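J.: Once you've had a glance at the structure underneath, I'll fire off some questions.
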Amino acid sequence: MHTGWDGLSTVAGEVKNPRRTYIGGIIGANLLIAGCNLIPVIAGLTISLDDESWEAGGYSGFGGQVEQWLGYWIMAASMSSVAGLYNANLCESSRAVWAMSQPEGGKRMLPECIGFTWKKTGAPVSAVVILGTFAMLLMRLDFTFMQQVRSHEEAAFSHEFARDIFFCFW
């Protein structure tokens, strides 16, 4: 889901003074990311040096050992972070889908109806709805299945993959 800093270019036209704003935003985001990762790691190391306890969900477990409310706060912050990453990815991806619905050299890669934008903001509404619906359908799949697909991307073009996707939704 993470697109890195390259996703910023797809929304540059919607930012006031992007040359100045992006530099400050990237510097601030890097400091915030470093702090948000460094502080829990230092706190976790004061609680346990055992590397067996460092696994997925370890931050909230360490926070809960310090104070119960801190464990809940860390879980809420993690969920907020995932929602933010999803929204950033949706913002970038919807622009790419929208661009494929625009006539480039007289040809469209996707139907014109996908290029519908909100008049006030210019947001690609149809592309957001389509990608959001696709994401909701993918949420029904078993996570291990998704990992297998990701690790074997060539299977995405096979008939078995299409059959498996079809039967997962039934």
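The values are calculated or read from the model by the stated rules, or taken from the named source; none is laboratory data. Everything numeric in this text was worked out from a predicted model, so none of it was measured. Side chains included, ligands, DNA and RNA excluded: accessible areas come from the protein's heavy atoms. Shrake-Rupley method; radii C 1.70, N 1.55, O 1.52, S 1.80 Å.
J.: Scaled to the compact-protein estimate 2.2 N^0.38 Å, what is the alpha-carbon radius of gyration of region 22-71, rounded to two decimal places? Numbers along the way, then the final one.
T.: Details: Rg = 13.4 Å, N = 50, 2.2 N^0.38 = 9.7 Å.
Working it through for region 22-71, the quotient is 1.37.
J.: Here is a follow-up. With the full set of protein chains in place, find how many percent of the accessible area of region 4-140 is carbon and sulfur; take the probe as 1.4 Å.
T.: On the way: 6700 of 9960 Å².
Looking at region 4-140 in its full context, I get 67 percent from C and S.
J.: Separate question: Please list, or write none, the lysines whose alpha carbon is within less than 19 Å of the alpha carbon of Lys107, excluding same-chain residues fewer than 8 places away.
T.: By straight Cα distance, Lys107 reaches no lysines at all.
J.: May I ask for the Kirkwood hydrodynamic radius of region 56-111, worked out over all distinct Cα pairs and given in angstroms to one decimal?
T.: 14.0
J.: Moving to a separate point now. Quick one: order Trp54, Trp118, Trp69 from most to least accessible surface, probe 1.4 Å.
T.: So, going from the largest accessible area down, we get Trp69, Trp118, Trp54.
J.: What are the extents of the Cα atoms of region 27-157 along their three principal axes, in Å, largest first?
T.: 62, 39, 25
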